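The values are calculated or read from the model by the stated rules, or taken from the named source; none is laboratory data. Remember, it's a predicted structure, so these values are computed and weren't measured experimentally. Here the Cβ positions follow ideal geometry from the backbone for every residue, glycine too, while neighbour counts run over all protein chains shown.
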Amino acid sequence: MNKRLTRSRTDVILGGVCSGLANYLGIDPVFVRIFFILVGIFGGFAVLLYLILWVVMPQEGVVESGGAFSERAQQVGTEFGWAVSKPNPAAAVYIGVGLILAGLFAFLRSLNIEWLQWLDGRLVWPLILIVGGGFLIYNAFKEK
């Protein structure tokens, strides 16, 4: 098994990071995208993590020349400009889902309903990690 973590060139919403991670893990890219949305809502570091992965992960099919970090960052800037000027239609769906989830989370927290007090980022975030880890383990055993 000689898998390599690369960004996808074919299934790209913004940089191909989620598709590349999904291909590497052997899961559907939708789950990785939803994970990034949830991490962004509850954890807050998803954008930074995504940008780091975008710079660090090479694009699939591209032979690495051992280029400097500045070259990779410049390439990401170029790709970002292209993605913004010609956005993927599916990006609007993911952004919409993210906005709905964030709004729903904020709305439910503002209601101060006693039985919803558990709905806190400090509790939901670990649950997201547990469910995500369990899903990855289940998927790995399912393939074998």
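Restricting to the stretch 87-121, name every residue that is surrounded by fewer than 11 Cβ atoms within 10 Å (Cβ to Cβ), part of a loop (DSSP other than H, G, I, E, B) and modelled with pLDDT under 75. Of everything in the stretch 87-121, those that are surrounded by fewer than 11 Cβ atoms within 10 Å (Cβ to Cβ), part of a loop (DSSP other than H, G, I, E, B) and modelled with pLDDT under 75 turn out to be Q117, W118.
One residue stands out in the stretch 27-43 among those that are of a type in the set (V, I, T) and at pLDDT 85 or above: the one that is surrounded by the most Cβ atoms within 10 Å (Cβ to Cβ), namely V32.
Restrict the check to the stretch 10-26 and report whether at least one residue is in a helix (DSSP H, G or I), more than 16 Å from V97 (Cα to Cα), touching a strand residue (DSSP E or B) at 6+ places or on another chain (Cβ under 7 Å) and modelled with pLDDT of 80 or more. For the stretch 10-26, residues in a helix (DSSP H, G or I), more than 16 Å from V97 (Cα to Cα), touching a strand residue (DSSP E or B) at 6+ places or on another chain (Cβ under 7 Å) and modelled with pLDDT of 80 or more: present. Does V47 fit the bill of being modelled with pLDDT of 80 or more and not in a loop (DSSP other than H, G, I, E, B)? The answer is yes for V47. Restricting attention to the stretch 41-60, report how many residues are under 20 Å from G133 (Cα atoms) and over 9 Å from the mean Cα position of the chain (by Cα). Selection size over the stretch 41-60: 6.
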